[in-house]
Amino acid sequence: MPESSPSASERPAARLTSLDALRGFDLFWISGADSLGHAALGFASGPISHFLADQLEHVPWEGFRFYDLIFPLFVFMTGMSQVFSLGGRLEAGDRAAALGRLFRRALVVYLLGVFYYRGFTGWENDIRYLGVLQRNALAYLGAGILFLHLRPRQLVYATVGILLGYWALLALVPVPGVGPANFNPDTNLAHWVDAHFLPGRKWNGAHDPEGLLSTLPSVATALLGVFAGLLMRDASKSPFQRIRTLVIAGVALLATGHLWGLVFPVIKGIWTSSYVCVAGGWSALLLALFYWVIDVKGWSLWSRPFVWIGMNSIAVFMASNLVDFSRMAERLTGGEVGAFVEGIGGKGAAGLLTALAASGFSVWLAWLLHRRKVFLRV
């Protein structure tokens, strides 16, 4: 695949460079850029630096920060990419082949997720059946089945139905043994379902932020990406029309999510419907920005490292955690090197160098794979 693509108005069905760049930008934060940000902000003080530092941490429960966007943005792009990967087969009338690819990819990503969280070493009690990659696989599968069988207007109804249905479950159904429905940690219906029906290891002990019931609204997140993909693949739309639609949709989703959040709080830990809207709104706005800058204006040089990562996202994601780039960076920049850097740059300089090296390993791996034309896809 070429490193840069023609104008989206000329080749709307082609893989968008902006999509690869946005995916790489998203994964860059997962693979070490958050530590880099904290290290860089350590040199500053004041309310602005504290605010920016907070954005690189998850909200404890209710609310929304930049770091709460990383995961749903990836799910959003997963839904978007399936329009390009499966749409051609669907238009050719080969739905069976599209379904086959959908199920194979979902299964491989799910099994990679199980392996990522220590595999099958403990058989029943040590397996994390649901996690980040597993949720991505299930959201991809659910949205893909709907995409391959429903028309766009029906997909809208399905998305709205999922979001309203999930809200009704959590807001109206009493929690057995607890009492009335609530959105509190530990006592909400989603966590009760995990505690009683999700086997294996759970991230929070008794329940999991990627649990059973909260998988339902993650399908809606992927469906928002499907709508974005349909828009970007529509040859009748000009670049301006695509950008305008993404911006309007993004603002509308943000408004809907925050207003809904007054009665159904924005909570990543149980992936509330209001959280889906807020994250979807920011995802649409980021896509509009990247598309305008990279594919429309042609300002793409700065985005090359992100494109390298985005085109090998699964490989970089697995490697950044299995290999532990942070520990490798500490071995290179610690000891006398770290002391020397601290002596020149002051307190915190060694930590910044370590974080920079850890992030550099991810970019270097992505560059190496790209240069050798090795693209690990499932």
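The values are calculated or read from the model by the stated rules, or taken from the named source; none is laboratory data. Note that the coordinates shown come from a computational prediction; the quantities given were computed from them, not determined experimentally. Glycine also receives a Cβ, built like all others from the backbone with ideal geometry; neighbour counts cover every protein chain displayed.
Quick rundown of the values:
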quantity	calculated
Condition broken by residue 41, with the remaining ones in (1) surrounded by fewer than 21 Cβ atoms within 10 Å (Cβ to Cβ); (2) at pLDDT 80 or above satisfied	(2)
Among residues of segment 44-81, those that are closer than 30 Å to residue 17 by Cβ and either at pLDDT 90 or above or in contact with a His (Cβ under 9 Å, 6 or more places away or on another chain) (or both), counted	19
Residue, nearest to residue 235 (Cα to Cα), within segment 73-111, restricted to residues that are of a type in the set (Gly, Ala, Ser) and not in a helix (DSSP H, G or I)	92
Residue count for segment 70-91, restricted to those that are more than 15 Å from residue 317 (Cα to Cα) and aromatic (Phe, Trp, Tyr)	2
Residue check, residue 301 without any contact (Cβ under 8 Å) to a residue 24 or more places away in the chain, under 16 Å from residue 73 (Cβ atoms) and out of contact with any helix residue (DSSP H, G or I) (no Cβ under 6 Å at 6 or more places or on another chain)	no
Total residues in segment 170-192, condition surrounded by fewer than 18 Cβ atoms within 10 Å (Cβ to Cβ) and among the hydrophobic types (A, V, I, L, M, F, W, C)	5
Helices (runs of 4 or more DSSP H) contained entirely in segment 198-296, each with at least 3 residues that are farther than 21 Å from residue 110 by Cα and either of a type in the set (S, T, N, Q) or without any contact (Cβ under 8 Å) to a residue 12 or more places away in the chain (or both)	239-260, 273-290
Some residue of segment 216-227 being over 19 Å from residue 72 (Cβ atoms) and either modelled with pLDDT of 95 or more or touching a Lys or Arg at 6+ places or on another chain (Cβ under 8 Å) (or both)	no
Filter pass, residue 82 being surrounded by fewer than 18 Cβ atoms within 10 Å (Cβ to Cβ) and not aliphatic (A, V, I, L, M)	no
